[in-house]
Amino acid sequence: MAKILDAVREPADLRTLRPDELSRLAMEVRALILETVARNGGHLASNLGAVELTLALHLAFDSPRDKIVWDVGHQCYTHKILTGRRDRFAGLRRWGGLLGFPCREESEHDVFNTGHASTALSAALGLAVARDRAGEGHHVVAVVGDGSLTGGVALEALNQIGHLRERLIIVLNFNEMSISINVGAWSKYFSYLVSGQRYIQIKDQAKSFLRRVPLGRAVIKAGRALEELAKKMLFPGLVFKELGIRYIGPVHGHNIQSLVEAFEAAKSHDGPVLIQCVTQKGRGYPPARLRPEKFHGAGPFQVTTGEPLSKDWGPSYSSVFGQAMIEIARREPKVLAVTAAMGEGTGLREFSERLPDRFFDVGIAEQHAVTFAAGLAVAGLKPVVAIYSTFLQRAYDQVYHDVCLMGLPVVFVLDRAGIVPDDGPTHQGINDIAFLRTMPNMVLMAPKDEGELRHMLWSALAYGRPAAVRFPKAKGLGVPLDAPLEVLPLGRSELVREGTDLIFAVGHMVRPAVETAEALAREGLSFAVVNARFVKPLDRDAILRFAGPGRTVVTLEEGVVEGGAGSAVRELLDREGRFGIRFLSLGLPVGPYALGKAEEIRAALGLDVPGLVRRIKAFRGTPFGGGDEGQGG
């Protein structure tokens with residue numbers, strides 16, 4: 001039997017299909033997503049849950065004339081398949097392939113680039129206002145997960161949407177999950193609105209029956225009036241109604257006909273409408289349905305079992321951090337863990353199970369997480385805030401204003417720092433060094449391996465001031481993890497390899513620096529390697545030891561060069577009047593990055609060992625005083 005999917009090249013093709021063909025199409029799309037993610041890795045559970053929802057969106061709306069904005073965008077795989085990218089879908093999240101998030105550069109159907117949560121409502125409102133100013137008549141739709149509404153920017157947008165009353169459709173995909181299980185009052189409120197999926201199932205079954213009997217459609221129409229009356233009785237003072245936003249729902253998120261009916265009803269309303277669609281993460285694939293958090297962002301796996309294909313079972317930096325937190329919390333009763341919907345991703349799941357009264361998941365609300373931790377610190381507690389590097393950018397002002405200006409002892413743990421594989425430009429942890437090293441009172445550290453991570457976490461808590469520890473999304477190097485915890489001397493680096501000139505390496509770039517120095521030694525060049533440990537404060541004496549006239553100083557970091565650790569070293573040399581030095585700063589460029597594995601990106605940017613050897617040799621071969629390269633790519 002020919003696949004229906006083969007005949008769908010653009011959204012308009014969906015309108016030629018019968019209801020039974022749409023159901024078959026949903027199954028084919030699910031199978032393609034499962035096959036591709038099992039091979040490439042990706043966001044599985046959220047995409048399996050949004051198949052029918054996406055089909056209904058493209059049936060009811062005319063993309064790209066109608067604008068569909070996806071919040072976060074990790075549920076957009078069906079959208080990509082339906083909008084002319086099916087032939088390229090095999091390259092999802094691979095070098096030179098499709099991004100796993102919406103991308104304006106890929107297709108006119110991708111209206112707004114996303115990757116961080118809670119932005120769609122603001123962007124959609126901007127599009128709606130611009131539409132009305134231009135006198136145009138198309139629809140604007142924001143597809144938002146219930147987890148995203150825990151973000152402050154989404155609540156700010158709702159406030160403005162209710163105030164302006166622009167014609168805007170909000171599709172709330174309610175599945176009770178973000179990366180981890182949703183928390184907070186909003187999640188409870190949405191659950192209250194749904195009051196169990198049994199209600200939706202009965203409603204859809206009744207509709208299906210009535211459509212097949214005489215006068216059935218008239219009964220359905222009358223039933224809708226009764227349903228609205230019941231909602232007003234059961235849910236008095238609905239929050240969205242009070243905000244000036246019409247509420248429709250709950251709607252069965254896997255019933256295409258019910259979804260299309262709800263979307264068509266919303267299109268006729270002259271103002272903002274919110275449609276609550278109830279879906280199941282992982283639908284159609286039992287392992288993902290049972291463990292949606294495991295399959296939120298999965299690596300390649302065996303379809304039959306759901307087990308990972310990788311045989312590299314060494315501990316990740318994240319898991320080492322999680323175990324260290326348990327070890328430290330048992331010794332220090334004032335230590336608490338705070339995260340922003342990332343308990344699983346940051347390695348804190350076991351901590352939350354063993355010490356639940358000392359674990360706080362605030363939802364997708366990084367700004368609140370930081371200031372909440374500041375309040376804990378003012379009261380004498382020792383909060384550890386675990387957030388991905390790319391997401392801490394969202395709380396810049398809170399780190400500066402609420403923590404650093406007061407010198408509060410809040411410890412920031414930055415997972416996924418540096419190059420992040422597969423997720424594209426929105427998830428790169430490349431800016432944290434540049435913006436944290438300018439913060440007053442801040443201590444900024446990066447471990448060379450997972451063993452040093454344990455000591456840095458313990459040290460950060462001991463310093464009694466704002467501190468941050470950054471580490472990559474990677475497996476550790478396999479070093480022993482049973483050494484007694486020790487407080488590292490503040491601002492003291494570690495000489496790893498002797499030599500004449502210097503490679504000053506930050507964090508997990510220490511090992512490549514050693515391998516580079518060894519390769520250069522075989523060609524007659526002598527380079528010492530210093531493990532920076534601290535970007536702030538810098539180890540002045542260790543750097544100046546190698547900063548004599550005619551010497552070469554190379555800095556190496558996996559962060560943006562402009563304003564990063566290399567800039568800090570250059571500023572130190574300038575302050576100390578150390579001139580006549582060959583200085584080369586190697587790191588990452590500021591611009592967006594190609595999609596790919598971390599090793600592919602490093603190779604493309606000349607940050608793998610062969611690239612480093614080539615670049616340092618070329619720099620040494622320039623006339624003396626050739627300058628500060630300061631480049632990453």
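A short reminder: the numbers here are calculations on the coordinates, not readings from a lab. These numbers were taken from a predicted model, which means no experiment stands behind them. Please note: Cβ atoms are built from the backbone with ideal geometry, for glycine as well, and neighbour counts cover all protein chains shown.
Descriptive notes on the structure:
- Note on Ala12/Arg39: beta-carbon distance plugged into 1/(1 + (r/R0)^6) with R0 of 25 Å gives a FRET efficiency of 0.25.
- When exposed loop sites are taken as trypsin sites (Lys or Arg not before Pro) in a DSSP loop with at most 11 other Cβ atoms within 10 Å, the longest stretch of the chain clear of them is 312-521.
- Each part gets one Cα centre, and for the range 1-24 versus the range 449-508 those centres are 55 Å apart.
- Counting neighbouring beta carbons within 10 Å and listing from fewest to most, the residues Ile433, Ile245, Ile419 come out as Ile245, Ile419, Ile433.
- Going from the fewest other Cβ atoms within 10 Å to the most, the residues Asp482, Asp87 appear in the order Asp482, Asp87.
- Acute angle (nearest 10 degrees) that the helix 19-40 long axis makes with the longest principal axis of the chain, alpha-carbon atoms: 10
- Beta-bridge orientation, the range 474-633: approximately 15 percent antiparallel, per DSSP, counting only bridges with both partners inside.
- Val554 long-range amide H proximity, modeled H, under 5 Å: Leu502, Ile503, Phe504, Leu584
- The range 159-170 - phi-based ³J(HN,Hα) in whole Hz, Karplus 6.51/-1.76/1.60, Gly and Pro as x: 4, 6, 4, x, 6, 7, 6, 5, 6, 8, 10, 10
- Degrees between helix 51-60 axis and first principal axis of the chain (Cα, 0 to 90, nearest 10): 60
- Size of electric dipole in the range 494-620: Cβ of Lys, Arg +1 and of Asp, Glu -1, about Cα centre, debye, nearest 20: 260
- When DSSP beta bridges are restricted to pairs lying wholly in the chain, around 15% turn out antiparallel.
- For the range 152-157, backbone phi angles converted through the Karplus equation (6.51, -1.76, 1.60; θ = phi - 60°) give residue-by-residue couplings of x, 5, 5, 5, 4, 5 Hz, Gly and Pro being listed as x.
- A simple spin-label model places the labels of Glu136 and Thr438 3.6 nm from each other, with each point 7 Å out along Cα-to-Cβ.
- Once exposed loop chymotrypsin sites (Phe, Trp or Tyr not before Pro) are cut out (DSSP; at most 14 other Cβ, 10 Å), longest piece of the chain: 314-578
- Remark: the chain carries a charge dipole of roughly 1000 debye about the Cα centre, counting +1 on each Lys and Arg Cβ and -1 on each Asp and Glu Cβ.
- Karplus-based coupling profile of the range 428-439, in residue order and whole Hz: 6, x, 9, 9, 5, 4, 4, 8, 7, 6, 8, 7, with θ = phi - 60° in 6.51 cos²θ - 1.76 cosθ + 1.60 and x standing for Gly or Pro.
- Taking amide hydrogens as placed 1.01 Å from N in the peptide plane, the amide H of Phe412 sits under 5 Å from those of Val385, Ala467, Ala468, Val469, each at least 5 positions away in sequence or on another chain.
- Listed residues Pro589, Val510, Gly524: farthest to the positive end of the dipole of the range 494-620 (Cβ charges): Gly524
- The chain: radius of gyration over Cα atoms, expressed as a fraction of 2.2 N^0.38 Å: 1.05
- As a calculated quantity, the FRET efficiency between Thr305 and Glu498 at R0 = 35 Å, using C-beta atoms, amounts to about 0.10.
- Under 5 Å, built H, 5+ apart or other chain: amide partners of Ile68: Val111, Val141
- Normalised contact order of the chain, rounded percent, pairs of Cα under 8 Å and 6 or more residues apart: 11
- For the range 317-470, share of DSSP beta bridges that run antiparallel, in % to the nearest 5: 5
- Within the chain, the longest run free of GluC sites (Glu not before Pro) that sit in a DSSP loop with at most 15 other Cβ atoms within 10 Å is 137-485.
- Once the Cα gyration tensor of the range 494-620 is diagonalised, semi-axes √(5λ) in Å: 22, 17, 13
- Rounded to the nearest angstrom and listed largest first, the equivalent-ellipsoid semi-axes of the range 317-470 from its Cα gyration tensor are 20, 18, 15.
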